[in-house]
Amino acid sequence: MLGNIKNNPNFKVYLAKIGLIFTTLAWGATFVITDKALDQMPPFTLNAHRFLIAFLSTYLIILMVNRYNKSKISNITKLEFIGALVCGTLLFLGYSFQNFGLFGSISSGSSTPTHSAFITSVSVVLVPLFLVITGRQKISGRIWFSVFLALVGLSMLLNPFKSGFVKGDILTFGCAIFFACHIIAQDNYVKKNINIFRFFLVQVGVASILSFLCSFIFEFNHPMIWSNTVINAVLINGIIATTIAIMIMVWAQQIVTPSQTAIFFSLEPLFAA
């Protein structure tokens, strides 16, 4: 019975979609804890440690699975490195804009977790739009209708227009743009012959290095408090919302299209709410 299910050509598609739902759940569930942690640690510093934890976790995974497949870091290909460099930079930019939008130091203009989740979900529209503009893919009417329903549902659920938009929301829109670009760029690389462990390791390594550099430049005199809230945020974001969730996303994007990925990510505000 189980063998028949696994041999079903749609089995991997279903599994990939379930994986994307888990990824979205992990991201949405961390909005509040990230918002609280940003009251005690600036955005670049928080991201730097988050991606550092993800890098170390992924490195341990590679060590454990190394005996079963060729995932040695020294075997990294040029395609994997360039792809990871591009996607890591986009990932860094996306999370930086999102965290700065939530950052409480923006005088009376920081975004709320609900607003941030809604604006981030705008990538569900931007992904198919960018694909059409660049001529990379034709989007079916069914996908556009799904995008429309997702946005209507999100508006009804979160009602983000009730309280008006602030400065932090504008920054968060930058996050939606870079996350949309990340989905498209990552789709381009993962559908080629790459090792997802090495690809992901370098990607989070790039995001961590860029975050540390920016923290040294822009946040060197900003006070940091290593409270239980911050430690929990770093560990939960680093292990669950980054290592596990984004690695699942990398694998799932080998199977589903960028537009389908974006539609699943529209569930993020639901979980955040």
How much length would be gained if the chain were fully extended between PHE216 and ARG142, taking 0.36 nm per residue of separation minus their Cα-Cα distance, in nm to one decimal? 22.0 nm
Local electrostatic count, VAL32, Cβ distance below 14 Å [Lys/Arg +1, Asp/Glu -1]: -2
At 1.4 Å probe size, put CYS175, CYS181 in order of accessible surface, largest to smallest. CYS181, CYS175
Cα→Cβ-extended label distance, 7 Å offset, between LYS191 and ALA273, nm: 3.2
Counting Lys +1, Arg +1, Asp -1, Glu -1, what net charge surrounds THR261 among other residues with beta carbon under 13 Å of its beta carbon? 0
Output ³J(HN,Hα) for the stretch 43-59: one whole-Hz value per residue in order, computed from phi by the Karplus curve 6.51 cos²θ - 1.76 cosθ + 1.60 with θ = phi - 60°, and x for Gly and Pro. x, 4, 5, 4, 5, 4, 6, 4, 6, 5, 4, 5, 4, 5, 5, 5, 4
For ILE21 and LEU63 in the same chain, what is the full-extension length gain: residue separation times 0.36 nm, less their Cα-Cα distance, in nm? 12.4 nm
What does the charge count near VAL204 come to, summing +1 for each Lys or Arg and -1 for each Asp or Glu among other residues with Cβ under 14 Å from its Cβ? +1
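The values are calculated or read from the model by the stated rules, or taken from the named source; none is laboratory data. Computed from a prediction, not measured in an experiment: that's the story for all the values here. Please note: Cβ atoms are built from the backbone with ideal geometry, for glycine as well, and neighbour counts cover all protein chains shown. Ligands, DNA and RNA are stripped out before the accessible areas are found, and what is left, the full protein with its side chains, is counted by its heavy atoms. Shrake-Rupley method; radii C 1.70, N 1.55, O 1.52, S 1.80 Å.
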